[in-house]
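Before anything else, here's the structure in question.
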Amino acid sequence: MTAGTFSLRVPLIPVTMTGFSVFLLLAICLASGAHAKKGFGPGEQEWGYVKVRPNANMFWWLYYTTANVTSYYNKPLVIWLQGGPGASSTSFGNFEELGPLDLDLKPRNYTWVKDYNVLFIDNPVGTGFSYTTSPSGYATTNAQIASDLVECMRGFLKQLPKFANVSTYITTESYGGKMGAEFALAWYKAQKSGSIRSNLKGVALGDAWISPIDSVMTWAPFLLETGMVDTAGYNEVNKAAQATKRAVETGRWATATSLWSDTEVVILETTSNIDFYNILTKTNPVYGKDSTAVRLLSEPTLSRGDAVSSYDVNLNNLMNGPVKRALNLTMSHKTQSGVVFDRLQGDFMKPVIDKVELLLNQTDLKVVVLTGQLDLIVDTPGTLIWVEKMKWKDSTWWMKSKRQPLTSQGVIEGYVKSYKNFAFYWVNRAGHMVPKDNPAAMAQILKNFAK
């Protein structure tokens with residue numbers, strides 16, 4: 001069955017059922033919207049491509065909720081955007097973080113699909129199963145990425161129009177947050193103008209690369225204060241970070257990206273191989289610039305989703321084997337992902353704080369920022385800096401708001417400070433991948449956010 005066709009999938013019916021019973025069951029399935037295909041793994045699914053520009057084709061994969069509802073459309077639609085840029089939502093986000101199956105193809109207890117319809121998008125074009133047939137198809141700016149995503153949603157809603165009235169939320173991680181902020185703004189404007197009929201209600205920016213230099217400049221003190229480097233190590237990391245800062249301040253953006261990568265290498269050397277995505281992860285010590293771990297970081301990447309999918313044979317084999325066959329796809333997974341980052345090196349270190357300010361000043365969308373306390377690459381200190389320096393209409397009131405504990409089953413999982421449509425979450429016992437590291441906290445955040 002191709003991705004562009006539909007079929008009605010009805011549960012097996014015992015032969016003892018009467019004709020009326022069969023008709024009734026069929027009617028119930030139709031009423032609930034159970035017209036989707038059987039994809040890979042449990043539950044009803046849909047997937048397909050949208051041509052977002054000439055030569056640029058974006059892949060999406062929808063999991064209908066498995067919640068006990070009379071209609072799928074009674075539950076929100078939650079969109080997931082991975083980072084990188086070049087990391088795949090349909091692979092890493094799906095099988096490593098929040099989809100119905102983990103990488104071992106075992107049911108995930110905290111899958112988001114239990115409570116929401118979940119849409120994974122391979123973005124930017126060239127990521128995962130998305131592809132371009134010409135070098136001109138790759139995005140080179142965040143604005144282009146946002147425009148492509150709006151076009152993707154326009155095509156998605158044309159194919160599945162019943163979702164136009166469903167409460168919809170963008171959720172993101174890492175560089176996905178940078179893309180998601182501008183995407184939400186562009187989508188909101190299109191929605192208000194009537195060029196797209198939809199019900200976007202909010203965007204969540206998870207460990208998001210919103211202000212790159214604030215992250216880089218807090219790496220040295222964060223490592224020192226957590227005991228990961230000594231004073232000599234602090235000075236080495238800070239020296240490299242200062243060089244990156246000078247490139248940013250003079251608008252040498254591609255150079256800044258290169259120097260950002262160099263700073264990561266210095267961190268690996270001074271810590272003998274710290275995990276950038278969770279500083280408490282157990283790692284093997286490595287030494288010197290020629291070590292495997294250091295060489296991996298010499299090829300810039302922000303999200304582990306990109307790094308792992310490059311070297312994790314199991315994930316790559318899964319996507320290009322059983323998944324590709326089940327979805328009847330002809331494009332191989334991740335064959336173009338490496339080019340995606342290359343085309344965005346000049347945009348990578350540019351901040352998008354202004355886009356978040358516009359979301360808070362000019363829209364009624366919910367805006368959530370969340371940060372894992374053990375994340376290094378987009379650390380909590382750097383995230384708090386850009387959030388607290390934002391200029392928006394209710395910033396004073398938000399700053400004065402009392403921080404409250406975020407609890408689950410009587411356990412403190414983090415903290416939240418909120419005012420009107422903005423909330424900031426500190427998540428305990430979590431690194432860069434909050435849904436994976438602390439699913440209980442993430443479930444509470446989603447409960448407050450996606451209603």
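The values are calculated or read from the model by the stated rules, or taken from the named source; none is laboratory data. Predicted model only: the values in this text are computed from it and were never measured. Every residue, glycine as well, gets a Cβ built from its backbone with ideal geometry; the counts of neighbours run over all protein chains shown. SASA here: full protein model, heavy atoms, side chains in, ligands and nucleic acids out. Shrake-Rupley method; radii C 1.70, N 1.55, O 1.52, S 1.80 Å.
Among the residues of region 341-355, what is the count of those that are closer than 24 Å to residue 125 by Cβ and part of a helix (DSSP H, G or I)? Don't jump to the end; show me each part of the working.
Step one: filter region 341-355 for residues closer than 24 Å to residue 125 by Cβ, giving 341-352, 355.
In the following step, the residues that additionally are part of a helix (DSSP H, G or I) were identified as 341-343, 355.
The number of residues fulfilling the criteria is 4.
Here is a further query. Counting only residues that are open to solvent by 70 Å² or more (accessible area, probe 1.4 Å), within 25 Å of residue 223 (Cα to Cα) and of a type outside the set (Val, Ile, Thr), how many does region 404-432 have?
1
Applying the selection to region 61-92, what residues are open to solvent by 10 Å² or more (accessible area, probe 1.4 Å) and in a helix (DSSP H, G or I)? Talk me through it step by step, then tell me what you get.
Of the residues in region 61-92, the ones open to solvent by 10 Å² or more (accessible area, probe 1.4 Å) are 66-76.
Result: 72, 73, 74.
Looking at (1) part of a loop (DSSP other than H, G, I, E, B); (2) more than 16 Å from the chain's Cα centre (by Cα); (3) in contact (Cβ under 8 Å) with a residue 40 or more places away in the chain, find the lone condition where residue 392 falls short.
Only one criterion is unmet by residue 392, namely (3).
Further question on the same structure: Which count do you get for residues in region 321-340 that are touching a residue at least 12 places away in the same chain (Cβ under 8 Å), in a loop (DSSP other than H, G, I, E, B) and under 17 Å from residue 125 (Cβ atoms)?
Summing the residues that are touching a residue at least 12 places away in the same chain (Cβ under 8 Å), in a loop (DSSP other than H, G, I, E, B) and under 17 Å from residue 125 (Cβ atoms) in region 321-340 gives 7.
Give the residue, chosen from 132, 172, that is farther than 16 Å from residue 187 by Cβ, open to solvent by less than 20 Å² (accessible area, probe 1.4 Å) and of a type outside the set (Asp, Glu).
Details: 172 fails: farther than 16 Å from residue 187 by Cβ.
Sole residue among the options that is farther than 16 Å from residue 187 by Cβ, open to solvent by less than 20 Å² (accessible area, probe 1.4 Å) and of a type outside the set (Asp, Glu): 132.
Quick one: residue 242 ticks every box in (1) in contact (Cβ under 8 Å) with a residue 40 or more places away in the chain; (2) surrounded by fewer than 19 Cβ atoms within 10 Å (Cβ to Cβ) bar one, so which box is it?
Evaluating residue 242 over (1) in contact (Cβ under 8 Å) with a residue 40 or more places away in the chain; (2) surrounded by fewer than 19 Cβ atoms within 10 Å (Cβ to Cβ) leaves (1) as the failure.
Within region 206-218, take every residue that is aliphatic (A, V, I, L, M) and in a loop (DSSP other than H, G, I, E, B) and give me the one that is surrounded by the most Cβ atoms within 10 Å (Cβ to Cβ). Outline the logic, then answer.
The initial filter retains those residues of region 206-218 that are aliphatic (A, V, I, L, M), namely 208, 210, 213, 216-217.
Checking the rest, the ones that are also in a loop (DSSP other than H, G, I, E, B) come to 208, 210.
Values: 208: 28, 210: 26.
Within region 206-218, the match that is surrounded by the most Cβ atoms within 10 Å (Cβ to Cβ) is 208.
Could you tell me whether any residue of region 133-143 is within 21 Å of residue 163 (Cα to Cα) and free of Cβ contacts under 8 Å to residues at least 60 places away in the same chain? Don't jump to the end; show me each part of the working.
First pass over region 133-143, keeping only residues within 21 Å of residue 163 (Cα to Cα): none.
No; the residues of region 133-143 include none that is within 21 Å of residue 163 (Cα to Cα) and free of Cβ contacts under 8 Å to residues at least 60 places away in the same chain.
Another one. How many of the residues in region 404-448 are closer than 22 Å to residue 181 by Cβ and in a strand (DSSP E or B)?
11
Is one or more of the residues making up region 183-205 over 23 Å from residue 364 (Cβ atoms) and not in a strand (DSSP E or B)? It would help to see each step written out before you state the result.
Here is the first cut: in region 183-205, the residues over 23 Å from residue 364 (Cβ atoms) are none.
No, region 183-205 has no match at all.
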